[in-house]
Amino acid sequence: MARFDLTDAEWVLIEPHVPVAATGPLPRRAREQFNGILWRFRTGSGWRDVPERYGPWSTVYSRFDAWAKAGVFQRLMEALIAEAASRGQVGLELVGVDSTIVRAHHESAGLAIAGETLDALEQALTEEKGAPLPTQQRVLRVMRRGPHRTPPTRARLPIGIVPPSGAVGRRGPRRPGSAGPEAG
């Protein structure tokens, strides 16, 4: 048994809710596949990364997909909560699920809006809330920046002109047959 696999006591509670049919997995494989599903969600890895000890990744995924569509996980959760409540081992006020982590692309941090569009949005907000803007929460206004300026670049020599031999580190086009600093 791997580090976070279900214990025998946990499997005794779960096994009656896992369907095993004539076309389904063998009972011994159902536990391995269930552990593979748990491993995948616990680690956040992809399905292809599920260890071989749980069976082929495609089989583990297929089992998860079939069980999810059949509502097995929902019924299992309800049954486990009911079992724990009947034993007095759960306080439902302590149960919580947090899924508030949302990752966004770094470009989604700001929004550039034309002045007219922003004015129209502020007007619509005023009409919807029924209060003038000064009494509402402040709306972040994105100001239009001036034209983008590129930093000045060093002047480049026209093609065919050789820099003086004292120009260290400066490489440029050379005329055929001209001697460079290393020719000395």
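The values are calculated or read from the model by the stated rules, or taken from the named source; none is laboratory data. Keep in mind the model is a prediction, meaning the values are calculated, not measured. Ligands, DNA and RNA are excluded from the accessible area calculation, which covers all protein heavy atoms including side chains. Shrake-Rupley method; radii C 1.70, N 1.55, O 1.52, S 1.80 Å.
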Legend entry - Residue ID - modelled with the lowest pLDDT, chosen from residues in the stretch 91-129 that are open to solvent by less than 60 Å² (accessible area, probe 1.4 Å) and β-branched (Val, Ile, Thr): ILE113
Legend entry - Residue that is least open to solvent (accessible area, probe 1.4 Å) [pool: residues in the stretch 70-90 that are in a helix (DSSP H, G or I) and over 18 Å from GLU15 (Cα atoms)]: ALA85
